[in-house]
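In what follows, a structure is listed as structure tokens, so that the remarks can point back to it.
Every read-out reported here was derived from the displayed coordinates using simple, explicitly stated rules and does not represent laboratory data. Source: prediction; values computed, not measured. Cβ coordinates were reconstructed from backbone atoms using ideal geometry, including for glycine residues, and neighbour counts include every protein chain displayed.
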Amino acid sequence: MKALCWYGTGDVRVETVQDPTVVNSTVAVIRVTSTAICGPDLHLYDGYMPSMMSGDILGHEPMGEVVEVGRDVKKLKIGDRVVVPFTISCGACWFCQNKLFSLCDNSNPNAEMARKIMGHSPAGLFGYSHMMGGYPGGQAEYLRVPYADVGPIKVPDGMPDEKVLFLSDVFPTGYMGAENAEIEPGDTVAVWGCGPVGQFAIQSAWMFGAGRVIAIDRVAERLQMAATHGKAETINYEEIDVYDCLMELTAGRGPDRAIDAVGSEAHATGIGGAYDKVKQTVRLESDRPHVIRESFKCVRKGGTVSIPGVYIGFADKIPLGTMMNKGLTIKTGQTHMQRYLEPLMQKIVEGGFDPSFIITHEVPLDKAPEMYKAFRDKEDGCIKVVLKP
Ligand SMILES: NC(=O)c1ccc[n+]([C@@H]2O[C@H](COP(=O)([O-])OP(=O)(O)OC[C@H]3O[C@@H](n4cnc5c(N)ncnc54)[C@H](O)[C@@H]3O)[C@@H](O)[C@H]2O)c1
Ligand SMILES: [Zn+2]
Ligand SMILES: [Zn+2]
């Protein structure tokens, strides 16, 4: 089959690789019909994620048609259309039983590697380094899906791929980002980052009863989308000081809730930005935590900072004094995908919510390498790329 493989920083290629097979009784194989490029793929593309190996297949936002099932798979049959969430979860361990699916204790075969760094291992993830399980990803013609009765959700007949594909990650991730922000009716919510995760965090903030949503980015078309689709007020952080502007908009109080939908590759101007760039270049820190600093400073006293943005390892100059003395609540995590699949599918099927508004590019798999570059560099108005294998 054809698959998008990683060969090093900035080097991804479509290659011919072995087809996946049913290796045990609980897996399924799907023929991928649509698959997207996502923010976390950029951490691999940009070389910031440790434990990648030459030839690894990328991608964690796939959907398709079931073509093979192991003999113990009960919920799926050949021919079913499914969306596959990016987290791999066993469904049986203590964490899965407590709906902490992205913290599954059984799905990472390389748990030891993660344990050495973090003390414990989170769940395995598709196409996201060997420390996270070394699972081949979904930017390919076929994908092996472990624990096939636990992850995938069936797609109703007649529903186009584009409307349900983002249940694989960015819609639930934006939604959990808003849920973690502990929004109360009428709250002012500031969202850093207007990529796909930020766009769905904005949409979801309204679903949780926000009174006002303020979106921050510097890319014109992303701010535009936040304003038109997201009905958010917008701040271009290259044009105005974010702290000053948020204080002006909230009469000095600060937003009640902050959502960091940017993560470890935050862009920043000034001394802080230069400091992170230098330290990251010489590998003295793995993340650029600019948005952590800025959101801690801006959010109101006693407020909540929700962090769906991905951080990888170690970073510097985190304002712990601000966090402590302002009495902030911090909530974060890889999305507990399986919690949200059913309710968010209902919002699409019954509620008429259409997540396809974020798609700006739909291209064959062969074009993936150039699309990685366009997505990273925000060229050609690129916000979300769907690949058609
Ligand atoms: N928690 C999870 O399970 C999960 C799942 C998917 C994605 N993510 C993470 O969410 C983040 C966003 O993902 P995405 O797909 O939307 O990525 P993206 O790269 O498309 O979007 C990031 C946006 O942040 C903006 N940005 C950069 N610096 C900024 C700053 N200082 N202030 C405000 N905005 C700034 C960029 O211009 C860009 O529009 C990434 O870190 C990604 O890894 C987390
Ligand atoms: Zn994703
Ligand atoms: Zn589990």
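Quick look at the values:
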quantity: Karplus (6.51, -1.76, 1.60) ³J(HN,Hα), θ = phi - 60°, over the range 108-121, in Hz, Gly and Pro reported as x; calculated: 9, x, 9, 3, 4, 4, 5, 4, 4, 8, 10, x, 9, 9
quantity: Share, in percent, of DSSP beta bridges within the chain that are antiparallel, nearest 5; calculated: 55 percent
quantity: The chain: relative contact order in percent, alpha carbon pairs under 8 Å with at least 6 residues between; calculated: 17 percent
quantity: Dipole of the chain, positive direction: furthest Cα of 102, 44, 201, with charges on the beta-carbon; calculated: 102
quantity: Rounded to the nearest 20 debye, dipole of the range 293-353 from Cβ charges on Lys, Arg, Asp, Glu; calculated: 380 debye
quantity: Taking the range 1-110 and dividing mean pair separation by its residue count, relative contact order in percent (alpha carbons under 8 Å, at least six apart); calculated: 23 percent
quantity: Taking 21, 35, 332 and counting other C-beta atoms within 10 Å, the order from fewest to most; calculated: 21, 332, 35
quantity: 357, 375, 126, 314 arranged by Cβ crowding within 10 Å, fewest neighbours leading; calculated: 314, 357, 375, 126
quantity: Lys, Arg +1 and Asp, Glu -1 on Cβ, resulting dipole of the chain about Cα centre, debye, nearest 20; calculated: 780 debye
quantity: In Hz, Karplus ³J(HN,Hα) per residue of the range 379-387 (6.51, -1.76, 1.60; θ = phi - 60°; x = Gly, Pro); calculated: 8, 6, x, 5, 10, 9, 9, 10, 9
quantity: Cα centroid separation, the range 238-263 to the range 53-79 (Å); calculated: 42 Å
quantity: Test item: Cα-centred dipole of the range 1-156, Lys/Arg +1 and Asp/Glu -1 on Cβ, debye; calculated: 440 debye
quantity: In degrees, nearest ten, helix 368-377 long axis to first principal axis of the chain (Cα); calculated: 10 degrees
quantity: Per-residue HN-Hα couplings for the range 144-157 [Karplus 6.51, -1.76, 1.60; θ = phi - 60°; Hz; x = Gly/Pro]; calculated: 7, 10, x, 6, 5, 7, 9, x, x, 10, 6, 9, x, 3
quantity: Cut-off under 5 Å, modelled amide H: who pairs with residue 234 long-range; calculated: 215
quantity: Which listed pairs, of 99/297; 231/384; 74/384, have C-alpha distances above 23 Å, in listed order; calculated: 99/297; 74/384
quantity: Sum of -39500 (n - 2.57) over DSSP H runs of 4+, divided by residues of the chain (222 nm, nearest 500); calculated: -8000 deg cm²/dmol
